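A short write-up of the structure that comes next.
The values are calculated or read from the model by the stated rules, or taken from the named source; none is laboratory data. None of the values given here were measured: they were computed from a predicted structure. Here the Cβ is made from the backbone with ideal geometry for all residues, glycine too, and neighbour counts use every protein chain on show. Remember, those area values only see protein heavy atoms, side chains included, never the ligands or the DNA or RNA. Shrake-Rupley method; radii C 1.70, N 1.55, O 1.52, S 1.80 Å.
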Amino acid sequence: MSRPSEPVLRCRGITKRFGGVVALRDVTLEVEPKALVGLIGPNGAGKSTLLNVVCGLSRPDSGTVELDGRPVTGLPAHAVARRGVGRVLQIPRLFPSLTVEETVRVGALFGSPDSPGPAQTARRVDEALELVELRDRRTEPVGRLNTQEKRLVDLARALAGQPKLLLVDELMSGLNPVEIQRCTALLRRVREERGAAILWVEHVMDAVLGTVERVVVLDHGAVIAQGPPAQVAKDPAVVEAYLGVDFHAAEVAG
Amino acid sequence: MSVPWTRQAAPVVAVAAVLAAVPLGVGDSPYQMRIATLMLVLACYAVAFNLLFGHTNQLFLCVGALASLGGYLSVILVRDLKLASLAAVGLATVAAAATGGFLSYVSVRRGFGVLFVGIVTLAVSLIVHNLLLGLRDLTNGETGIVTRGLGMGLGDHPLKAYYVLLAVMVASLAAYRWLFGSRHGAALHALSEDEVSAELSGIDVTRYKVACAAGASALVGLVGALYADLNGFISPSVYAVGHVDIPVLVALLLGGMRTLLGPVVGAALFSLVDELVRPFGQLTVLAYGVLLVALFLLFRQGVVPVVQSALGRRVPALRAPSSRTAAKEEVAGGTEAGR
């Protein structure tokens, strides 16, 4: 196990270019164990790219990614997943003809460093389905679910792999306020019951600022501010770059 | 995974028993024995292609080329290097596996899509075909090589040839069954649906694709070498795309992709259709086309899945399409193969 002070995720000087575009510029950030950290920024700020670099879908041009103090930079995504990183995609892809239960079992079977036996696998599947409240849908093919249900299945699939760090990408876009509330409660439960740290990209500002204890703001691929939500929301650089004069409007619209 | 191995093995054993009895009926006719043996050759190719295309999204349009590698290499090793025929067949199998694995590795590493893999492997097929034509000193070009005396003598013993091919096919079905009864089956199901999600779930997609390609290519190379022996003669055209890859593709689609028995049922149907249209002489191709169109219209997913779901409607226990009940469904498919 890691020492208590060791961050579960440490990104140092991450730079990522796509052709001439710099998607990430010298990004440095840490996520403590069991922390719930929000990652916000305007469209194209590099939030999803950063998650892709952390989970191994994308290789940074420079910089390092460490999990529990061990470097994972440049490892393929399946190897990073097995080291305890669960990634939930913004637009869930999943396995359309597999059922909800089979999909989550894939996460349980392959997502953790230990090779769980049948009983343990079944228990992990049950726990994950319980947490996202999809137990009664377990025999349905994933292709038949709506987008939000698919996101929850994707979350359950990631949780079944017993992640130390969960990368959540826009879990809430298109939801109504009641659903958003249920979703934030779910993330809190994931953190408390499963002990996973969460790095959470979200556009729904209210939900992020009201839920996380720390928020990181990306703009044009660079970290322009980080800290407690109340402090960051007042940061002049953030107000100018992201929230702008329409901060209040964005809050209302969100 | 909780399915007992006896039940997992049941459809394989059923197919083996049915096909083992075939020579009792047609053993006296060398012609019919040859048709039956060629059906097994096609079925083996289709089992391999099912793993490649059906389960790992690798459209390898070079089944014939890999088979020719097995066939020519085994024959040339015996003819020129005086190798024992079994050793030659073994080496040819390994060479085909290495070639298929290499093609797969390059495709995965370069991120080729399904269709691009198809185009590249089709190009490989054309290259191999032209090499076989051009390297006259080694291959006799268009004339081909008479393989009698260069193998295990399968060409002179139709029964032996049939049972050797049957053993290979049953072994490949058993391996397939074992694979999909293990946790690897879940990985293959997942990656055939979505490779990114599979990778994010901790599945090493590259390793699975390359391993499946190498395994399938080994089967193709082995059967290609056995075919060279039992046919008594090889030439570039007996392994050409039109003679191997197209029948394999049609047989698999007819029988049903991603099923245990689809390749066998498809190969049997294909051989049957091939025989039925033979009397039409010049009209063969037309009759063949009409039959195929009709079959595709009626059995778009393939015969095995259609039969499975038809049986499933009558037998509720067979209905759930989850992987845990797959074994039962395959048993249902087994009765189809038995007819």
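Overview of values
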{"quantity": "FRET efficiency estimate (nearest 0.05) - Cβ-Cβ, B:Q301 to B:W5, R0 25 angstrom", "calculated": "0.35"}
{"quantity": "Point-to-point label distance, B:V114-B:A17, nm (Cα→Cβ direction, 7 Å offset)", "calculated": "3.7 nm"}
{"quantity": "Protein accessible area in the protein assembly as shown, 1.4 Å probe - carbon and sulfur %", "calculated": "61 percent"}
{"quantity": "Other-chain or far-sequence residues with amide H under 5 Å of A:A225's (modelled H)", "calculated": "A:V217"}
{"quantity": "Karplus-derived HN-Hα couplings along region B:119-126 (A = 6.51, B = -1.76, C = 1.60, θ = phi - 60°), whole Hz, x at Gly and Pro", "calculated": "5, 5, 6, 5, 4, 4, 4, 5"}
{"quantity": "Amide proton proximity set for B:L83, modelled H, under 5 Å, gap of 5+", "calculated": "B:V78"}
{"quantity": "Global geometry of the protein assembly as shown, whether rounded, prolate or oblate, following the gyration tensor of its Cα atoms and the 1.5 cut on a/c", "calculated": "prolate"}
{"quantity": "Charge-dipole axis of the protein assembly as shown as Lys and Arg at +1 and Asp and Glu at -1 on Cβ define it, positive-most pick from A:N176, B:L159, A:A160", "calculated": "B:L159"}
{"quantity": "Cα centre as origin, Lys/Arg/Asp/Glu Cβ charges: region A:2-60 dipole, Debye", "calculated": "160 debye"}
{"quantity": "Cα shape, region B:1-131, gyration tensor, a/c 1.5 rule", "calculated": "oblate"}
{"quantity": "Where B meets A: accessible area buried, both sides, 1.4 Å probe, Å²", "calculated": "2000 Å²"}
{"quantity": "Label-point separation, A:R135 to B:S309 (7 Å along Cα→Cβ), nm", "calculated": "3.2 nm"}
{"quantity": "Per-pair calculated FRET efficiency, R0 = 60 Å: B:V146 and A:A122 via Cβ, rounded to 0.05", "calculated": "0.50"}
{"quantity": "Phi to ³J(HN,Hα) by Karplus 6.51 cos²θ - 1.76 cosθ + 1.60 over region B:49-65, Hz, x for Gly, Pro", "calculated": "5, 4, 5, 5, 8, x, 9, 10, 6, 10, 7, 7, 8, 9, 4, x, 5"}
{"quantity": "Rounded accessible area per residue of chain B, 1.4 Å, Å²", "calculated": "44 Å²"}
{"quantity": "Region A:38-81-region A:152-214 distance, computed between alpha-carbon centres (Å)", "calculated": "18 Å"}
{"quantity": "Inter-label distance for A:A230 and B:L286, nm, one decimal - labels placed 7 Å from Cα along Cα-to-Cβ", "calculated": "8.7 nm"}
{"quantity": "Entries in B:K82/B:K209; A:K47/B:K209; B:K82/B:K160; A:K16/A:K164 that, when Cα-Cα distance is taken, lie over 27 Å", "calculated": "B:K82/B:K209; A:K47/B:K209"}
{"quantity": "Residue-averaged beta-carbon neighbours from other chains (10 angstrom radius) around A:105-113", "calculated": "6"}
{"quantity": "Long-range HN-HN contacts of A:V27 with modeled amide H, under 5 Å", "calculated": "A:G13, A:I14, A:T15"}
{"quantity": "Rounded, prolate or oblate (a/c below 1.5 giving rounded, otherwise prolate when a/b exceeds b/c) for region B:5-300 by Cα gyration tensor", "calculated": "rounded"}
{"quantity": "Cα-centred dipole magnitude for the protein assembly as shown, charges only on beta-carbon of K, R (+1) and D, E (-1), debye, nearest 20", "calculated": "940 debye"}
{"quantity": "Choice from B:A186, B:A161, B:A228 with maximal GNM fluctuation in chain B (Cα, 10 Å cutoff)", "calculated": "B:A186"}
{"quantity": "Environment charge of A:P116, counting only residues whose C-beta is closer than 14 Å and scoring Lys/Arg +1, Asp/Glu -1", "calculated": "+2"}
{"quantity": "Potential lengthening between A:T28 and A:V239 on full extension [0.36 nm per residue; Cα-Cα distance subtracted]", "calculated": "73.9 nm"}
{"quantity": "Sorted peptide list for B:277-285, B:115-123, criterion being average Cβ within 10 angstrom, highest first", "calculated": "B:115-123, B:277-285"}
